[in-house]
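Below is one structure; the comments refer to it alone.
Please treat every number below as a calculation from the coordinates, not as lab data. Model, not experiment: these values are computed from the prediction. Counting neighbours? That spans all protein chains shown, and the Cβs are built from the backbone with ideal geometry, glycine included.
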Amino acid sequence: MNPTPQLKLRILFVDDEPHLREFMKTELPRLGHDVTVCHDTRSAVETLARATFDAAILDLKMEHDTSGLQVLTHLKQVSPDTEAVIMTGYASQETTVTALRLGAFDYLTKPCKLADIEGLLFRITEKKKLSNHAAALQTRVVAAEGPGRMIGTSRAMLPVVQFVETVAPTDATVLITGETGTGKEVVARSIFMKSHRAGMPFVPVNCGAVAQNLAESELFGHRKGSFTGADKDRKGMFEVANGGTLFLDELGELDKNIQVKMLRFLESGEVRRLGDTESITSDVRVVCATNRDLRKEIAEGRFREDLLFRLNTFHIHLPPLRERVEDIPDLALHLLARHAKRPAESLVGLLTSDALQLMMGYYWPGNVRELSNAMEYAWIVSGGRPITATHLPHDVRNGRPAPMAAPTPPPATLPFPTQTYAPPPAMIAPAPAAPAQPRGKTLEDVEMEYILQVYAKNNQNKQATATELGISLKTLYNKLHKYEDERQRNAG
């Protein structure tokens, strides 16, 4: 088995003793590191202006020179990620405390052994590895889940986007409702990324995926020996998320006993581990999501009404995909880019008009999650070539078209302005003056008839038409150009 590769450090060594500088120039490369040596503060400052280092070993007191603490202060100003080590023959508790307060990683007392230096550099490499690993994980999370931003400019999504901008900078509790697959976690992440907690943890918990007998331990933690199998202390998610945001998905799945402890946290900011006698304070913003009717759950005795009152400070209801059809092209391209692991800009035009027409006429019972699966399927089947209708999943190719009746609004028992959505007129009914719809007419046909009627009513003013329809001017241009191309093709 090959040994784990040693991380090579770029090291700056500053000392006024010539023999020590020569020693470091020889021995540090033998340990696998690069080293640059300087004999005084001035040369060290000049070197820092030209290069960056992973670590710096600084002599505390150099003859006829300034203090190494001044070099440390300058180093942390110009290169805060460089780990600094103070080396001195005059160590004192006061000096050590000062160096650590200024940001030093550790200190060495002269004379020191090479083994001491090697051990200290090993600790620095381990810290660097952890930092690099965390950065790599964050990159992979963003690549896998997207940047935490919402896609959509439809009339149905506009109130959601506007409300997220308003509520995100606060610490208020947010309840997100909507059908399965509508993107509730994306909204939660968007709230997190736009908040002042964005640099702290975002901890998602799927309450429906946690066994009921383990849910309390998962959320609130436990002490060793508090139940069979508790062989060590464990932090709960409320502690793990300290300083950040805890996202509780499928909230309606929580047992009522857990709901009591959750209510206590929301009211006091305190949690108590299983088996513990003292509470722990945790600074956490809570964002919840559910696809259940919580009022119905309350009526049937499965959810606490007082918890709903506490959670429902701000309520965002996400519309299903069938109510935001005009967002499908942008959503499909975004999801396709994620599965293809390519920039969306490089895939523009890959979705053909016949594929888009089928997707915009499909009902999407699985909402955005189903659209994501369809884009993964199409990308694989098409082999990276333009995606036509034949590359779409069977259900999309042969599924029923979206119903023309207005969608059922969210329950009136969870009132908030953002939860009442007016779907685009084209999604509600055909033009008033249009004759009865013949069988076989697609949703796109009906939508185009309505667009043309509004266009004529506004005397071919495109901006006024786009405003009335609740779509962007670019979307209107695209629809009109597509209609004209098809009309000329049919006429020919």
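Listing for the model above:
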| read-out | value |
| --- | --- |
| Label-point separation, Arg369 to His39 (7 Å along Cα→Cβ), nm | 7.0 |
| Extension gain from Asp233 to Thr352, taking 0.36 nm per residue of separation minus the Cα-Cα distance | 37.3 nm |
| Segments 32-40, 111-119, 376-384 sorted - mean Cβ within 10 Å per residue, highest first | 32-40, 376-384, 111-119 |
| Greater than 27 Å apart at Cα, pairs in Lys127/Lys235; Lys194/Lys341; Lys25/Lys76; Lys224/Lys256; Lys128/Lys224; Lys8/Lys110 | Lys128/Lys224 |
| Burial ranking of peptide ranges 219-229, 187-197 (average Cβ count within 10 Å, highest at the top) | 187-197, 219-229 |
| Theoretical FRET efficiency, 1/(1+(r/R0)^6), r = Cβ-Cβ of Met193 and Arg385, R0 35 Å, to 0.05 | 0.50 |
| Rounded Å value of the spacing that divides the Cα centres of region 31-58 and region 295-370 | 53 |
| Set of lysines with alpha-carbon distance to Lys457 below 26 Å, sequence-local pairs under 8 removed | Lys441, Lys474, Lys479, Lys482 |
| Hydrodynamic radius (Kirkwood) for region 323-398, which is based on Cα pairs only, to one decimal in Å | 12.0 |
| Evaluated at q = 0.27 Å⁻¹: base-10 log I(q)/I(0), Debye formula over Cα of region 304-362 | -1.11 |
| Amide H contacts of Leu9 (H built 1.01 Å from N, under 5 Å, at least 5 apart or other chain) | Asp34 |
| FRET E, pair Glu46, Ala172, Förster distance 56 Å, beta-carbon r, rounded to 0.05 | 0.65 |
| Per-selection Rg to Rh, region 198-255 - Cα, Kirkwood hydrodynamic radius | 1.01 |
| Computed FRET value (nearest 0.05) for Asp276 with Gln77, which takes r as the C-beta separation and R₀ as 56 Å | 0.80 |
